[in-house]
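K.L.:
Here you go, one structure.
FYI, it's all coordinate maths here, none of it is from the lab. Everything numeric here is computed off the predicted structure, so don't read it as measured data. Backbone-built Cβ (ideal geometry, glycine too); neighbour counts: all protein chains shown.
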Amino acid sequence: MLLAAAGMLAVAAIANTSAGPPAGGREPGISQSVDTSASTDGTRHQRQEWGATLAMLERGRRIFRFDTFGDEAFWGGTLRLHEAIEGARFGGVGPGLTPAAALGVGLKVDADALSPATLDAIRRGRVNLNDPAVTLALLEANAVVGVSARRARDGGLQSVGIQCALCHSTTTAFSA
């Protein structure tokens with residue numbers, strides 16, 4: 001029940017706020033209504049409740065963005081999707097999935113998960129968006145919204161999992 005509540009709160013929080021709290025660590029719209037300056041027992045209790053609420057929101061956001069709920073058994077085990085993503089060059093099958101193809105079918109990249117140097121290289125056209133190796137690097141960086149990959153011991157992909165964020169998130173366009 002708590003997990004479901006955290007997930008529901010996460011969906012509401014993501015729909016109504018930025019990816020994280022703004023500078024100062026406060027959520028917009030809500031935190032201003034809680035007086036955290038007084039030291040009465042009632043206010044202390046409010047602060048504790050508020051802290052628990054924020055912790056639950058953050059947990060819900062992490063679940064929404066990163067938890068696969070064990071679906072790797074289907075996507076990786078049954079469908080072997082990871083093999084098509086990595087392609088024959090990296091131990092899978094076929095040509096592999098390029099970032100250009102992934103973006104073309106609606107997958108999204110979390111720019112916050114990339115280093116400033118990588119973002120700069122993308123902006124300058126120095127990243128080959130038609131190379132499946134770049135897709136693997138994006139997965140390694142947890143930068144593909146709603147998709148996570150588990151590496152095999154040999155360096156290839158062992159499996160992939162899908163998170164809620166794949167279908168239930170919106171992003172701001174990134175201009176490279």
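K.L.:
How large is the charge dipole for region 72-166, taken about the Cα centre, if only the Cβ atoms of Lys, Arg (+1) and Asp, Glu (-1) carry charge, to the nearest 20 debye?
P.N.:
120 debye
K.L.:
In addition: Placing +1 on the Cβ of each Lys and Arg and -1 on the Cβ of each Asp and Glu in region 72-166, which of Val109, Gly76, Asn130 has its Cα farthest towards the positive end of the resulting dipole?
P.N.:
Sorting the options by dipole projection puts first Asn130.
K.L.:
Would you mind estimating how fast region 35-176 diffuses translationally, via Stokes-Einstein at 25 °C and 0.890 mPa s with the Kirkwood radius over Cα pairs, in µm²/s?
P.N.:
Answer from the Stokes-Einstein relation: 144 µm²/s.
K.L.:
What is the packing order of peptides 115-121, 75-81, 63-69, 132-138, taking the mean over residues of other C-beta atoms within 10 Å and listing the highest first?
P.N.:
Top to bottom by mean Cβ count within 10 Å: 132-138, 63-69, 75-81, 115-121.
K.L.:
So between Val93 and Ala121, what do we pick up on full extension, going 0.36 nm a residue minus the alpha carbon distance?
P.N.:
7.2 nm
K.L.:
With r as the distance between the Cβ atoms of Ala73 and Thr53 and R0 = 25 Å, compute the FRET efficiency 1/(1 + (r/R0)^6) and round to 0.05.
P.N.:
Taking R0 as 25 Å, the efficiency between Thr53 and Ala73 is 0.15.
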